[in-house]
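Report on the structure given below.
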Amino acid sequence: MSDLTQPSSPRGTAPFRIPVWSDANWIVRIALVVGLVLIFTALAAPLIAPFDPNSQSLISRLRPPVGFERYRDGFFFGTDELGRDILSRCIYGLRLTFALALAGSVIGLLIGGTLGLLAGIAGGVFEDFVMAMVDTQIAIPFTLIALLILAVMGSSLDVMVLVLGVYGWEQYARIVRAEVKKLAQMPFVEAAQAAGATPLRIAFHHILPNVVSPIVVQFTLNFSNIVILESTLSFLGLGVQPPTATLGSMVGIGRDYLPTAPWIVLTPAAVILLLTFAVQILGDWLRDKADVRLRSR
């Protein structure tokens, strides 16, 4: 009867499935599409940008987007106060903002995750020293630290990467240390210790896989916060210096023209919103997929 009620399929064939797509709900699918489009746009910026992002034309300054009066052909999202194409600057700004946020998040993860893992395993004086540094950084607003570093070392791109990399490392350290201390009391860790496993093997083969989930969540939060931090520093004139475009610097420069030319601010702000939306949604989904406790159910 089962052969009659179930449709047959050719032997050796199976329906084609993309696990990431088929396992995700519609919100995650939208975030995935948005994220892939933004990544492709950032990587292919020199190929798809219609104009040079730094090319100026004072005759075309403050032209509105397509559909409005005084629109000029080719400048679909309008122009800024120097006649530069907003779309081209957003594409190149997305590329640099994405690179800065990714580099800063990875550096913070490596610093904080390593210190948190070592502090949780070693304990003692080293743990107290790491947690003292964590408490110190939490007590001081990071914007003040960033302003001090930029004032002393300048606003070059390398310094910006350093500042963004230092941001958020204490959160990684706190999360990883707390998870390590909790997991160290679990039976599977005690069994590994009884079997003669070295501390490094226990750390990287037994404890670290169980810490992936909170690390992924913190990475997505940190990525979004770094985008906002870069925007804040650019708003204060201490970010990446003109004429190089980042999404944050475009918002910061366009604030003076918000009443008369809001498209200068709204377009890069919309790209920032899409970027943070995609990262947050995909981060939550990856957390569920990476959590070994959820996979075992």
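The values are calculated or read from the model by the stated rules, or taken from the named source; none is laboratory data. Predicted model, so just to flag it, every value in this text is computed and none were measured. Positions of Cβ are backbone-derived with ideal geometry, glycine not excepted, and every protein chain shown enters the neighbour counts. Note: areas computed on protein heavy atoms with side chains; ligands, DNA, RNA excluded. Shrake-Rupley method; radii C 1.70, N 1.55, O 1.52, S 1.80 Å.
Once Cα extents along the principal axes in Å is calculated for the structure shown, the corresponding label among (i) 78, 46, 30; (ii) 77, 71, 28; (iii) 59, 39, 33 turns out to be (ii). For the chain, averaging the sequence separation of C-alpha pairs within contact (under 8 Å, six or more residues apart) and dividing by the residue count gives a relative contact order of 22 percent. Remark: the range 87-240 carries a charge dipole of roughly 300 debye about the Cα centre, counting +1 on each Lys and Arg Cβ and -1 on each Asp and Glu Cβ.
Which helices pass in the chain if a helix is a full DSSP H run, must span at least 18 angstrom along its long axis by Cα, and must have mean Kyte-Doolittle hydropathy not below -0.5? The partial results should precede the final answer.
Values: long enough: 26-43 (25 Å, 2.52); 86-122 (52 Å, 1.70); 124-139 (23 Å, 0.94); 169-183 (21 Å, -0.61); 212-235 (34 Å, 1.25); 263-290 (39 Å, 1.24).
In the chain, the long hydrophobic H runs are 26-43, 86-122, 124-139, 212-235, 263-290.
Positive-end ranking of Gln56, Leu266, Gly254 along the dipole of the chain, with charges on Cβ about the Cα centre, is headed by Leu266.
Dividing the convex hull volume of the alpha carbon atoms of the range 39-195 by its residue count, what do you get in Å³ per residue? Don't skip to the end; give the middle numbers.
Working: hull volume 29.1 nm³, N = 157.
Roughly 185 Å³ of hull volume per residue.
As a fraction of the 1.4 Å probe accessible area of the chain, surface on carbon and sulfur atoms comes out at 67 percent.
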